[in-house]
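Undergrad: Below: one structure in structure tokens.
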């Protein structure tokens, strides 16, 4: 009995094995021929979208790719935003971009002439010399101009407060550009001496009361319409209390006491008695109406202190050209904004060079007969 049961079990196991083998070969026969492992995966997943697919290159492709890398240098990818930022930086008129001027020679007087300075009322002030020498002439520089050229004088004012801008004006602008410094500048004597060592005539700003006094204040050295004459005279003397050569004062925009024009007239007289010149950079006409007999003075026809777009500045400089050719000379006063310094430097570079040789002059087309001269060359002594 037991022997028959064992025989039956063995037969069943054999039949099961035969059936399983047949099913396996039947399934393999029904599968397609896979072209790649990816095809097989897709078949087994019943063509469902896989989470990711990694395409592996063939051996031949790997070999070609490695050979190409050896021959070609890797290409650096530049981000579009980085390109736009670089282009924007190129357009910004930084004073550091102004080229250094290597054609500058020092003026004769780097230090103050002891014959032209005196101690008075606790200040070291300019004075007329024993033989009638005047600071505006002695500290100036005469520039020869060809007969067929027109004089252009440029003053950069408000210097000394920003060391970067001041250094750029001193080292980059042509020597015949005159420089005027704020009375509030630190180490004013040193800055003036440095400017003169680079060939620039030097002056000091005379500040007037601010028109918008509720929002801005020109400080304790500014001329005040509420203070008396003696106080304003003290402020002016304090502005000139510099142990360095100063040729005169540059009047800045502000308020003049219309009710007491005699005060301004007395200031003019004091400036003339010191042997200095006066430049009117107010952009207004009221100082012209005040008598200043005996004072060397000049009104700036063009004042650029509120036009800080390059296009507008260029228009003002073009107007200066027309005035120079019409009147024989022009005086331009410029606030030292970087865009203005770039515009002025480019404008001066466009002037035609002066040619003294007749033969060369005869064969040369002069497009801009403009000659840059220091401010002392365009001042008239009344």
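The values are calculated or read from the model by the stated rules, or taken from the named source; none is laboratory data. What you are looking at is a predicted structure, and each value in this text was computed from that prediction instead of being measured. Using ideal geometry, Cβ is built from the backbone for each residue, glycine included, and neighbour counts are taken over all protein chains shown.
Results for (1) assigned to a loop (DSSP other than H, G, I, E, B); (2) crowded, with 16+ Cβ neighbours inside 10 Å; (3) without any contact (Cβ under 8 Å) to a residue 40 or more places away in the chain; (4) not assigned by TED's automatic domain parsing to the domain that holds residue 317, shown as yes or no for each residue.
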| site | (1), (2), (3), (4) |
| --- | --- |
| 128 | yes, yes, no, no |
| 131 | yes, no, yes, no |
| 142 | yes, no, no, no |
| 147 | yes, no, yes, no |
| 153 | no, yes, no, no |
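Undergrad: Within segment 249-269, take every residue that is over 27 Å from the mean Cα position of the chain (by Cα) and surrounded by 17 or more Cβ atoms within 10 Å (Cβ to Cβ) and give me the one that is farthest from residue 209 (Cα to Cα).
TA: 268
Undergrad: Can you tell me which condition residue 335 does not meet? The list is (1) touching a residue at least 60 places away in the same chain (Cβ under 8 Å); (2) more than 17 Å from the chain's Cα centre (by Cα), and all the others hold.
TA: It is condition (2) that residue 335 fails.
Undergrad: Taking residue 318 as meeting all but one of (1) at pLDDT 95 or above; (2) crowded, with 17+ Cβ neighbours inside 10 Å; (3) outside any loop (DSSP other than H, G, I, E, B), write down the number of the exception.
TA: (2)
Undergrad: Please tell me if residue 278 is free of Cβ contacts under 8 Å to residues at least 24 places away in the same chain and either surrounded by fewer than 20 Cβ atoms within 10 Å (Cβ to Cβ) or in a strand (DSSP E or B) (or both).
TA: no
Undergrad: Quick check on residue 253: is it under 30 Å from residue 110 (Cβ atoms) and either out of contact with any strand residue (DSSP E or B) (no Cβ under 6 Å at 6 or more places or on another chain) or in a helix (DSSP H, G or I) (or both)?
TA: Taking the combined requirement at face value, the residue does not satisfy it.
Undergrad: Can you tell me which residue is surrounded by the most Cβ atoms within 10 Å (Cβ to Cβ) among those in segment 358-381 that are modelled with pLDDT under 75 and assigned to a helix (DSSP H, G or I)?
TA: Ranking the candidates gives 361 first.
Undergrad: Whether any residue in segment 196-207 is loosely packed, with under 15 Cβ neighbours inside 10 Å and farther than 25 Å from residue 305 by Cβ is what I want to check.
TA: For segment 196-207, residues loosely packed, with under 15 Cβ neighbours inside 10 Å and farther than 25 Å from residue 305 by Cβ: present.
Undergrad: When you check residue 176 against the structure, is it surrounded by fewer than 20 Cβ atoms within 10 Å (Cβ to Cβ), assigned by TED's automatic domain parsing to the domain that holds residue 339 and in contact with a strand residue (DSSP E or B) (Cβ under 8 Å, 6 or more places away or on another chain), yes or no?
TA: So residue 176 fails the test.
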